[in-house]
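The values are calculated or read from the model by the stated rules, or taken from the named source; none is laboratory data. All values derive from a computational prediction rather than experimental measurement. Here Cβ is always computed from backbone atoms with ideal geometry, including for glycine, and neighbour counts include all displayed protein chains. What goes into the accessible areas is simple: the full protein's heavy atoms, side chains included, and nothing from ligands, DNA or RNA. Shrake-Rupley method; radii C 1.70, N 1.55, O 1.52, S 1.80 Å.
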Amino acid sequence: MDSRRRLVRAGSILAVPILWLVASRFGILPGLPTPVEVLDAYVGELYREDFWISTIRSTIRVLSSFAIAAAVAIPLGLLIGRYTVFADLTFPALEMLRPIPPIAWIPFTILVLPAAELSIMFITFLGAFFPILLNTIQGARGVEVEYSRAAQSLGATSYQTFRHVIYPSALPAIHAGMIVGMGLAWVNLIAAEMVAGGTGLGFLTWSAYTSGSYPTIIVGIITIGLLGAASSALVRLLGDWQIDWAKEQPA
Amino acid sequence: TESEIFGGAFAGFDEQSFIVGYQPFYTESWSALVIRHGELAEKHLPEEYSVASWEVALQGAVIGNKMISEQNDIGYTGDMPTITAIANDETPIDMVAIAGFSEGQQCNLCFVPADSDIEEAQDLDGREIGVTTGTCTHRFLLEAIQEEGIDVDISDQGMQTVITNIREGNLSAGAGWEPSPSRSVIQESAAEYLFTGADYDMNDTAGLLMLDSLVENHPEAAKGWLKAELEAKHIMATDPERTIDLIQQEGQLRDYERETLYGTLYENIDVNPDVERMLFYTDYEAVDEAEQLMKNEAPEFLHENQGVISGMPPDERYRTEPLQAAIDELEDEVDWDPLREAER
Amino acid sequence: MSAESLERLQRQVGNWTVPLPSKRVRQLLSIALFLALWSAAVRVGFLGFDKFVGPETTFQTMLSALGGTPMTDGGETIYEHSAYSALRVLVAVTIAILVAIPLGLTIGTSRRWEDALFPALEVFRPVPPVAWVPIALLLMPTFRSGVIFVVFVGAFFPILVNTIEGVRTVEEEYVQAAASLGAESRDIFRHVIIPATLPSIVTGVSLGVGLAWITVVAAEMIAGGVGIGYIIFQAYRLLQTDVVAVGMIAIGFLGYVSAAAVHQTGNYLTRWQEID
Amino acid sequence: MSKHDSPTDDPTTAGPTPDSTGKTGAIDINDLSKIYDPEGERVVAVEGMDLDVEAEEFVALLGPSGCGKSTVMECIAGYLEPTDGEVLVDGNTISEPDPKRGVVFQENRLFPWKTIKENVEFGPRMHKGVEEGRAESILDEMGLDGFEASYPSGLSGGMQQRAELARLLANDPAIMLMDEPFSALDALTKEIMQKKLLEVWERDNRTVLFITHDVEEAILLADRVVIMTARPGQVKDVIDVDIERPRDPEVVTTDRFTELRERALSVIREEAQRALEQEEGG
Amino acid sequence: MSKHDSPTDDPTTAGPTPDSTGKTGAIDINDLSKIYDPEGERVVAVEGMDLDVEAEEFVALLGPSGCGKSTVMECIAGYLEPTDGEVLVDGNTISEPDPKRGVVFQENRLFPWKTIKENVEFGPRMHKGVEEGRAESILDEMGLDGFEASYPSGLSGGMQQRAELARLLANDPAIMLMDEPFSALDALTKEIMQKKLLEVWERDNRTVLFITHDVEEAILLADRVVIMTARPGQVKDVIDVDIERPRDPEVVTTDRFTELRERALSVIREEAQRALEQEEGG
Ligand SMILES: Nc1ncnc2c1ncn2[C@@H]1O[C@H](COP(=O)(O)OP(=O)(O)OP(=O)(O)O)[C@@H](O)[C@H]1O
Ligand SMILES: Nc1ncnc2c1ncn2[C@@H]1O[C@H](COP(=O)(O)OP(=O)(O)OP(=O)(O)O)[C@@H](O)[C@H]1O
Ligand SMILES: O=[N+]([O-])[O-]
Ligand SMILES: [Mg+2]
Ligand SMILES: [Mg+2]
């Protein structure tokens, strides 16, 4: 990319705060906190324990729920993708639950699960679970039969075929699911924290609204955005590291 | 801090450390803030008991339901969530005290934009009023409308949305509970009070809830907590400055000016200048109006009028033994009258 | 799974003389098993299931709700609440489609526009739509349009990103072929770029609709008013768990129906693709 | 048959040089070079190539894999801009793709979202308008009647290739640029397609530049076989195919054919060895 | 050369019949039929086919597109279960894929997620353990030294096919089943691969079943060329290739070669015409 393009792109990003500044200066969008107010609030938040607890709590919730979702969805998806009978017995029930937005489960989880933390984590887990599951199934089904045949003809047992062929071959699809899943984990985490209360950036943002600390709402949004971008980058990194074979170009 | 990040999360499993559900944006449960920041629980609980975490909620119902699923052990909730919680037949929950009481000056408030031409309740006829439905304020508003014989358009909105829309002039009037209206009236001069519960003889109150298992199996802890509650009420009733100092330590309220916090607890509303803002009662059996409200009016409304509870809460869910025990014990220890604090 | 390995599996099971039930039966079994587990969990009180309703009561409440019994104290029926949520999704997704597709095509085809617009949009993309709820409530004159705005944000980015991605992956060879057949750039846009991007757009719209439902439920829960999300939460506040379950079923059904509608429309629009 | 015995015609004869016979479709490649430079990795694909193709001539282009055949063709088609040198068609410098220069790729590029008929009518619709019934008659000729309303995905590989040829013919180009058009087909389908192509060419008088790896195919079809060097590509040798037309697949058994084949093969082997060494090295 | 002049050997000779010479890798196909039935659309791919391949014999299988060649091979590999009849290897009925029967496909099936070396070592690792240095020496032989750590996507098509052959050889199969292994390669790479294959086969004594569309390739490589009928596939004709070994690509210019080629081509043309009619009909 040449330097002129880079400049334009940087300008594009800079235009966001500038337009915001202009809008608040000229009173377009009354009620919207100004960039200065938000910056001020941000600095203030950085000195508050509450803010850091919320940030760390949300991060831990997302990462652990996501990890659990991946750990459950990937093996389950591979099994469903490869074994018709297993799929018939499990998938219809899962399909029935899938269209229910995870956040709609919150009353259920608060009543049924023994700790508030588990409720929020379950909602977050659900957000990540289905995209990973569906992509894994698709990935496992999409494995070209020639690869597993080649493995069998080279003497691989069905477990070996699963381990060395089905799984790596499904990885790119699984990874695509993980990227979507990470996004949805955040969406649902934020919703759950807003609804269930307690701590976390979602709650922070919503309670900032409740308490009338409007600049803090935007502090929350920015922090959530930054962490969301960082965790997506993390998943991408993980993928690049695991699927390095897909990148190499012909000599 | 570490325990707040990790420890508190799953503490619900430990019978001797409690998770307390409280509401910073609800003045009638502010004794919880005084206990928290005055470290009164630590002072009065027997040694083997502790507070695992203080869980903020923005709605009483969240606390009530967390108690039903035994995630919260102690909760501060408004009258309606209190009744809903003790009427449920899943997990026995007791109402052991009232957290706050007022003759309609905390929860039963109707306000209008500062520059409004509305001067009395009758002017609301045909107007749009914002209120959060299903709350005690909603009940108050319905009753007021009925008594006035007017017809209004009720718009169901969250408390803060009502405040925002009043400020922006999108609503003719709003109804809600403190401290949000005070912030708008005192801190921003964006609204004015129009009428209150006192005009319709409607009191408002909040309950202090405990899991029945806590009361039964850990009576010393229940008693300890109520001692803390009594001391908190004593401080609130006798030392407003210290009270506000403690409340100001609540991070959630950082954008509330001291004046606002003071006003919402101690300054009478100009439309009813003779009615006390807040009465620091604890024992609902000692105060007729409170007992009426918690044992009859609110449950009847929820049962007969709304059909949300399948029956009246059983008598044994109203428990004052721990409070009595706390009073008895404190009498020997302190130079103020815990019985008075319990009553008033 | 190949038909072949299925054959093998059936044969193996046949050796144990356990007849393998047919596919349809297995699938029904799956659902039946789910309902049985749910019912058992409630009866036995597994975790806190005894605080929730079982399938039997849910079914009854469902029937009465479908018969027009108001869902909670508000007086509106399940149909009215469903209509509200569905309308919000419909309006928001329609606006998102109308904005995101042209924008995506522009960004995807023009490097200049991409440089000018895309980085700025990327700034907003990592923010989950639900996080906009408080700001939307603050800025929108009435909270109803606020909810639609938030749902719009939810639907917008998947459609935009997939449209851009679709344009970028149009195989150059099709463009070249069209040019060699005498197509001008307008023709190429109309006859090559748009149809080649359609499958990707369809994917984006179905993702967008999914996110729209998630967002609408969350926003209705948080902001209140009417709609299925509100009903679920209101019923929860009042501990009417049967109504909570009915609300969940209703939202699931609506989500399913809208996904199916998008899928069908998508199939029709891209009917040249081999249907698998 | 040919004025072009040597591939090194004077490159200074640029500028409009209309064919003396009034035919159109002559291609002059003058000192053509193309350097790819993706992220600083310079690949000199073609360097200083000269080649003149007469109007209505059928030229086959052979050469080791990666020697730049497709690159040359894409320059003629107008998809690529030469790094150096120029390509003239009927004396005019090429600047962009043009319906006069039709292109067929190895993998078919039928628009998957259009029916076979819409594909065939695409070219005429773009620049001069559709003539009623013409698509049908061309499809008929290609043995595709009855498939007008099918989408390409519904056809077998051979049929798709025939449809692509039909689309090209419907556009009536003066020059047909064909990049390994039949290499993905099985032996028999390939033979049928070769026959079809010869038939069409012998009737319609178009210039054809035909890239292939198949020496027999090249000799069977072309007037001249041009063999390129390994990368960077240049013309290494040109073989005049003096077998009379009309030809049919049986000619492969004649002695003259075998002779030409041997000659082409030996040139290719030599060059291929060099290409292989290049590859092994990298 | 051959006890198998007729493709209709007695099909009753099932059961263990170890080769009299003690060699392994004999294939007996007895009355093989395979019917595909995807969603009720019956396709009879192969019907009543008989063919015996001796241990260490090199047999090429030719036939029109879609006649069932791959189907037969997949039955031998153990991927498909015959609808009727049976396939015996060294007298035993086949039930599943086995490392004794190595397979090479037209498109390479190197595992893209493993390096070349990991691919080559895959077979040994799966069933008997990796012998230090063996992968390197095989890769060396295939001219792939230096590419051990590359992923397949980093290699050219020809190199990939060589790597696939290396993977097969590393597994030391008695039977090599090759389904159009070289058809995607360009002429030169193909020639090199053919040489390599002959070299390896002449040295290692394995049975090879080699499917191709290329008549010359078949004659160049095989002891016997088996030509199948159009669908449903059966053996139509078997041609003994009595050209002495070792052979090299130059043999294609001999008269005997041309003769055999003519004979094969005429059989194929006849059958191909039938196949074409089938397609046009559907
Ligand atoms: N877009 C590109 N960027 C960089 N290098 C390229 C590009 N296109 C082709 N090349 C390189 O240029 C050289 C010539 O490529 P070209 O496709 O013209 O060869 P070819 O003779 O058509 O080969 P083949 O017979 O395999 O089709 C090759 O080395 C190729 O890798
Ligand atoms: N899985 C399948 N389901 C249905 N029909 C199939 C299947 N596999 C192959 N067929 C059909 O069976 C017939 C024989 O196929 P097969 O692949 O064995 O032919 P082939 O001789 O290898 O062809 P080619 O030369 O094109 O590779 C074809 O008509 C094909 O369409
Ligand atoms: O506790 N209340 O939300 O009334
Ligand atoms: Mg090429
Ligand atoms: Mg085949």
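So which residues in region D:129-168 are in contact (Cβ under 8 Å) with a residue 60 or more places away in the chain and within 12 Å of another protein chain (Cβ to nearest Cβ)? Please lay out each step first, then the result.
Keep residues of region D:129-168 that are in contact (Cβ under 8 Å) with a residue 60 or more places away in the chain, which gives D:164-165, D:168.
Hits for region D:129-168 are D:164, D:168.
Applying the condition of being at the interface with chain A (Cβ under 9 Å from one of its Cβ atoms) and over 21 Å from the mean Cα position of the chain (by Cα) to region E:93-117 and asking which residue is farthest from residue E:72 (Cα to Cα) yields E:115.
The residues listed here are C:212, C:218, C:235; of these, the one that is open to solvent by less than 10 Å² (accessible area, probe 1.4 Å), modelled with pLDDT under 95 and under 16 Å from residue A:101 (Cα atoms) is C:218.
Taking the listed residues A:172, A:168, A:215, the one that is surrounded by fewer than 24 Cβ atoms within 10 Å (Cβ to Cβ), modelled with pLDDT of 90 or more and facing another protein chain (nearest Cβ under 7 Å) is A:168, with no other qualifying. Scanning region D:194-213 for residues that are at pLDDT 90 or above and within 16 Å of ligand 1 (Cβ to nearest atom) yields D:209, D:210, D:211, D:212.
Matching residues to (1) touching a residue at least 40 places away in the same chain (Cβ under 8 Å); (2) within 16 Å of the chain's Cα centre (by Cα):
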| residue | (1), (2) |
| --- | --- |
| D:207 | yes, yes |
| D:213 | yes, yes |
| D:217 | yes, yes |
| D:243 | no, no |
| D:249 | yes, no |
| D:254 | no, no |
| D:260 | yes, no |
| D:267 | yes, no |
| D:271 | yes, no |
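Please tell me if residue D:270 is over 25 Å from residue D:35 (Cα atoms), within 13 Å of chain E (Cβ to nearest Cβ) and either away from ligand 3 (no atom under 16 Å from the Cβ) or in a helix (DSSP H, G or I) (or both). No: the conditions fail for residue D:270.
Among the residues that make up region C:6-23, is at least one of them at pLDDT 85 or above and either more than 30 Å from the chain's Cα centre (by Cα) or in a helix (DSSP H, G or I) (or both)? For region C:6-23, residues at pLDDT 85 or above and either more than 30 Å from the chain's Cα centre (by Cα) or in a helix (DSSP H, G or I) (or both): absent.
Any residue that is within 29 Å of residue A:40 (Cβ to Cβ) and more than 10 Å from chain E (Cβ to nearest Cβ) - is there at least one of those in region A:233-241?
First pass over region A:233-241, keeping only residues within 29 Å of residue A:40 (Cβ to Cβ): A:233.
Subsequent filtering for residues that are more than 10 Å from chain E (Cβ to nearest Cβ) retains A:233.
Checked against the condition, which is being within 29 Å of residue A:40 (Cβ to Cβ) and more than 10 Å from chain E (Cβ to nearest Cβ), region A:233-241 yields at least one hit.
For residue A:103, are the conditions met, namely being part of a helix (DSSP H, G or I), within 7 Å of another protein chain (Cβ to nearest Cβ) and in contact (Cβ under 8 Å) with a residue 24 or more places away in the chain? Talk me through it step by step, then tell me what you get.
Numbers: part of a helix (DSSP H, G or I): yes; within 7 Å of another protein chain (Cβ to nearest Cβ): yes; in contact (Cβ under 8 Å) with a residue 24 or more places away in the chain: yes.
In short, yes.
Annotation: of all residues in region C:41-67 being of a type in the set (Phe, Trp, Tyr) and part of a loop (DSSP other than H, G, I, E, B), the one that is modelled with the lowest pLDDT is C:46. The set of residues in region E:60-82 that are among the small types (Gly, Ala, Ser) and within 8 Å of ligand 2 (Cβ to nearest atom) comprises E:63, E:65, E:66, E:68, E:70.
Among the strands (runs of 3 or more DSSP E) confined to region D:39-145, the ones with at least 1 residues that are within 16 Å of ligand 4 (Cβ to nearest atom) and modelled with pLDDT under 95 are located at D:43-53, D:58-62, D:101-104. If residue C:273 satisfies all but one of (1) facing another protein chain (nearest Cβ under 9 Å); (2) part of a helix (DSSP H, G or I); (3) over 11 Å from the mean Cα position of the chain (by Cα); (4) under 29 Å from residue C:102 (Cβ atoms), what's the number of the condition it fails? Answer for residue C:273: the failing condition is (2).
Among the residues making up region C:43-57, those that are open to solvent by 30 Å² or more (accessible area, probe 1.4 Å) and either more than 7 Å from chain A (Cβ to nearest Cβ) or of a type in the set (Asp, Glu) (or both) are C:43, C:44, C:46, C:50, C:56, C:57. I'd like the full set of residues that are open to solvent by 10 Å² or more (accessible area, probe 1.4 Å) and in contact with a Cys (Cβ under 7 Å, 6 or more places away or on another chain), limited to region D:24-73. Across region D:24-73, the qualifying residue is only D:34.
All conditions but one from (1) closer than 29 Å to residue E:113 by Cβ; (2) crowded, with 20+ Cβ neighbours inside 10 Å; (3) not β-branched (Val, Ile, Thr) apply to residue A:83; the one that does not is (2).
The number of residues in region B:173-194 being within 14 Å of ligand 3 (Cβ to nearest atom) and part of a loop (DSSP other than H, G, I, E, B) comes to 3. Scanning region C:119-131 for residues that are more than 7 Å from chain A (Cβ to nearest Cβ) and in a helix (DSSP H, G or I), we see that the one that is surrounded by the most Cβ atoms within 10 Å (Cβ to Cβ) is C:121.
Of these, C:86, C:116, which one is part of a helix (DSSP H, G or I), without any contact (Cβ under 8 Å) to a residue 60 or more places away in the chain and of a type in the set (Gly, Ala, Ser)?
C:116
Of the listed requirements (1) part of a helix (DSSP H, G or I); (2) away from ligand 2 (no atom under 16 Å from the Cβ), residue D:158 misses just one: (2).
Being buried (at least 20 other Cβ atoms within 10 Å of the Cβ), of a type in the set (Gly, Ala, Ser) and facing another protein chain (nearest Cβ under 7 Å) is the requirement here; does residue A:153 meet it? Criteria met by residue A:153. Of the candidates D:25, D:91, D:66, the single residue that is touching a residue at least 24 places away in the same chain (Cβ under 8 Å), within 11 Å of ligand 1 (Cβ to nearest atom) and small (Gly, Ala, Ser) is D:66. Looking only at residues of region C:172-186 that are open to solvent by less than 60 Å² (accessible area, probe 1.4 Å) and in contact with a His (Cβ under 9 Å, 6 or more places away or on another chain), we find that the one that is farthest from the other protein chains (Cβ to nearest Cβ) is C:178. Look at region D:140-180 and say how many of its residues are within 16 Å of ligand 5 (Cβ to nearest atom) and open to solvent by 20 Å² or more (accessible area, probe 1.4 Å). Number satisfying all stated conditions: 2. If you check D:250, D:216, D:191 for being at pLDDT 85 or above, within 11 Å of chain E (Cβ to nearest Cβ) and open to solvent by 40 Å² or more (accessible area, probe 1.4 Å), only one passes: D:216.
The single condition among (1) under 27 Å from residue E:202 (Cβ atoms); (2) in contact with an Asp or Glu (Cβ under 9 Å, 6 or more places away or on another chain); (3) surrounded by 21 or more Cβ atoms within 10 Å (Cβ to Cβ) that residue E:76 does not satisfy is (2). Residues in region C:100-109: is at least one under 20 Å from the mean Cα position of the chain (by Cα), farther than 30 Å from residue D:94 by Cβ and surrounded by 18 or more Cβ atoms within 10 Å (Cβ to Cβ)? The answer is yes, given that some residue of region C:100-109 is under 20 Å from the mean Cα position of the chain (by Cα), farther than 30 Å from residue D:94 by Cβ and surrounded by 18 or more Cβ atoms within 10 Å (Cβ to Cβ).
Hey, among B:300, B:304, B:276, which residue is within 17 Å of the chain's Cα centre (by Cα) and open to solvent by 50 Å² or more (accessible area, probe 1.4 Å)? Working first, answer last.
Values: B:300 fails: within 17 Å of the chain's Cα centre (by Cα); B:304 fails: within 17 Å of the chain's Cα centre (by Cα).
B:276 is the lone residue from the list that is within 17 Å of the chain's Cα centre (by Cα) and open to solvent by 50 Å² or more (accessible area, probe 1.4 Å).
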